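Q: This is the structure I have questions about; it appears just below.
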Amino acid sequence: MSEVFWSLKGVLGALCRLILLVLVLVSGQVSFGKEQMMCQEAFAKTIAIQQIEYLRREYAKATDLIGIADDASVAAGRAIYRRIFAQDASFEVSGPETSPLSADGPDGWVQVVLEALGPMGPTQHLIGTQVVEIDSIAFDEACDVIEGRATMQSYVQAWHDTADEQVWLFIGTYFDQVVFTPGIGWQIKHMELRRVTGEMRPAVAAAS
């Protein structure tokens, strides 16, 4: 009888150890799954930041296109503006030695840019030192962004050929408020271009 008892006790002990092992494995898988989701969200947030940065880079390209001032170039620049800016976006220019300037909607800003850059020669807007701060962001089960808000600062150096054979150098900072628009993606909701400094240079010296 005692042999049966000890044999049964050994079987029960082994069974308990097996159950404990299964519980540990399942718990580890659940924890690993949570960590994987966290890693995916961190990766998705990094992608979102890069997408936001590219809005300002696309803006630079579109602005130079509009500055060419022919129908095809203006249309191409306008199409980019309509993609990167929210339909109700607002715009303003500020800083030393600037006149108050504002516009509503991407088409309104196209007109401002065309009037400012059209009379000039070629322009080139160089974007750098971008800093994005995510204010809020939400993901669905697939880790895709469903809503979000952010702010972005970007340095700009803009070179403009003028009619009197000089180069006007504009140095400033863009301050952007960015939102995620379902079905479209990240868009700029408000843009402030703040002038820092600038100067006129002889075109020959700039070319050399």
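Each reported figure results from applying straightforward, stated rules to the coordinates on display, with no laboratory input. Fair warning: this is a prediction, and the values are worked out from it, not measured in the lab. Positions of Cβ are generated from backbone atoms using ideal geometry, with glycine treated the same way; all protein chains shown enter the neighbour counts.
Q: Could you list the residues of the stretch 40-70 with an amide nitrogen less than 19 Å from a label point located 7 Å from the Cα of residue 159 in the Cα-to-C-beta direction?
A: So the set is 57-69.
Q: Using 7 Å Cα-to-Cβ label points, what is the residue 181/residue 51 separation (nm, one decimal)?
A: 1.3 nm
Q: Between residue 135 and residue 200, 0.36 nm times their residue separation minus their Cα-Cα distance comes to what?
A: Additional length available on full extension: 19.5 nm.
Q: What's the center-to-center distance, using Cα atoms, between the stretch 163-193 and the stretch 119-159 in Å?
A: One Cα centre to the other: 8 Å.
Q: Now, a different point. Highest mean first, how do 47-54, 82-89 rank when packing is the count of other Cβ atoms within 10 Å averaged over residues?
A: 82-89, 47-54
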